[in-house]
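Below is one structure, written out as structure tokens, with a few remarks after it.
The values are calculated or read from the model by the stated rules, or taken from the named source; none is laboratory data. Because the structure is predicted, anything quoted here is derived from the model rather than measured. Backbone-built Cβ (ideal geometry, glycine too); neighbour counts: all protein chains shown. Only protein heavy atoms, including side chains, enter the accessible area calculation; ligands, DNA and RNA are left aside. Shrake-Rupley method; radii C 1.70, N 1.55, O 1.52, S 1.80 Å.
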Amino acid sequence: MLKAQRPGECQKYITVVLDPALLQVEGGGQILSALQAANYSCVVESQAVPCSVSWRRKTLSSQMEDGDEWTEEPNVLVLLRLEEFLSMVHNYKQGGQGCTEGQKDTLQSYVAGVMEKMPGKILALQVVGVENYFRVQSKKRPRQAAAGGNQEEEQGKRRKKKVKDSGLEITRLDVEEALVDLQLSKIQVNIFESCEELGEFATMLTKAVAEAPFRREREKTDFSFYLDKRWCGGVRVDRSGKGLFEVWKRQIQQFNRVSLEMADAVVSAYPSPQLLVQAYSRCSSEHERENMLANIPVHRGEGVTATSRRIGPELSRRIYLQMTSDDPDLYLDFMG
């Protein structure tokens, strides 16, 4: 069971289900080609929502029985044609301006309809060619502005009327406002410039769906207080001693309220614990030893945002006690 969940193995138990209508629109064929190139099992079956992609997982117990048992994954990918997407954005804009004639579909109403057909699913909408649409529109405007006379004005009116009727009289701001409103409902919307990018995304999403059980099980084994291993993970030290400097810096970082910059400052001044202990031995009084590190400068940031401060007497005292005290029950941090 564990082996079947591991990356590299779990892909064998996943089948991608594509709606037949998906293969009739731009980008749908690229999704199928990309999945097949990645050696994923694909089937074409009618779905509750046209132009959608869903996933099935073969249960391990089915290998020991006569028939196959499959479970439906919660993720659903839906490809919107560019014309549909722009029309929905236009309808959203018209609704915001108080025009409710016909109650035409918006992205919000479309998503609501999809969720009624597939309750409990995690929906992701995909659109291809939005940026290309804006590039084409930006090229048209200078040509229209260069034309003059009544003929140009009349043609401009006819063009504007045609665009308005088709629902494509929108701007980049209109698209952004519609997407923000939709994303507040936690619906993922991905806009791609090419069908190739769409195919790559579908492949990555399929891999993520396949590996989801493995990742969930791995998260269950972690402790709630376990930190990112980049910070608290062990440091490899070879036989030549390479890596000891990083171990020394990590030791300083373990003190409360000590940032990476503060630890860097201490170990830059005293590159090893032995050098620090030797420096303490050269001090003439207890007070001098406790404050020996207090004036070490700590630099943060770069350029105009750069700041500088000192280690300070409190941290200097804690490091001194940790490095020199023989009392195993000594409490270093009186501030908690």
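Just a few scattered comments:
- Backbone phi angles across the range 250-261, fed through the Karplus curve with coefficients 6.51, -1.76 and 1.60 (θ = phi - 60°), yield HN-Hα couplings of 5, 4, 5, 5, 6, 5, 4, 6, 10, 7, 4, 5 Hz in residue order; Gly and Pro are listed as x.
- Entries in Lys93/Lys117; Lys12/Lys186; Lys117/Lys207; Lys3/Lys121; Lys58/Lys121 that, when Cα-Cα distance is taken, lie over 23 Å: Lys93/Lys117; Lys12/Lys186; Lys117/Lys207; Lys3/Lys121
- Between the beta carbons of Glu246 and Gln278, assuming R0 = 22 Å, the FRET efficiency works out to 0.55 to the nearest 0.05.
- Spatially, the range 271-336 and the range 173-218 are offset by 49 Å when compared through their Cα centroids.
- Taking amide H as placed 1.01 Å from N in the peptide plane, the amide H of Val44 sits under 5 Å from that of Leu18, each at least 5 places away or on another chain.
- Applying the Karplus relation 6.51 cos²θ - 1.76 cosθ + 1.60 with θ = phi - 60° to the range 314-327 yields 3J(HN,Hα) values of 5, 5, 4, 5, 5, 5, 4, 5, 5, 7, 10, 6, 9, 8 Hz, where x marks Gly and Pro.
- Which of Lys117, Lys93 is most accessible, then next, and so on - probe 1.4 Å: Lys117, Lys93
- Looking at the range 274-324, the trypsin sites (Lys or Arg not before Pro) that sit in a DSSP loop and have at most 13 other Cβ atoms within 10 Å of their own Cβ are Arg282.
- Segment Glu83-Asn132, length gained on full extension (0.36 nm per residue, minus Cα span): 16.4 nm
- The listed residues Asp326, Asp333, once ranked by accessible area (1.4 Å probe) with the largest placed first, stand as Asp326, Asp333.
- Gain in span if fully extended, Ala294 to Lys140, counting 0.36 nm per residue against the direct Cα distance: 48.8 nm
- For the range 244-324, size of Cβ-based charge dipole, Lys and Arg +1, Asp and Glu -1, in debye: 100 debye
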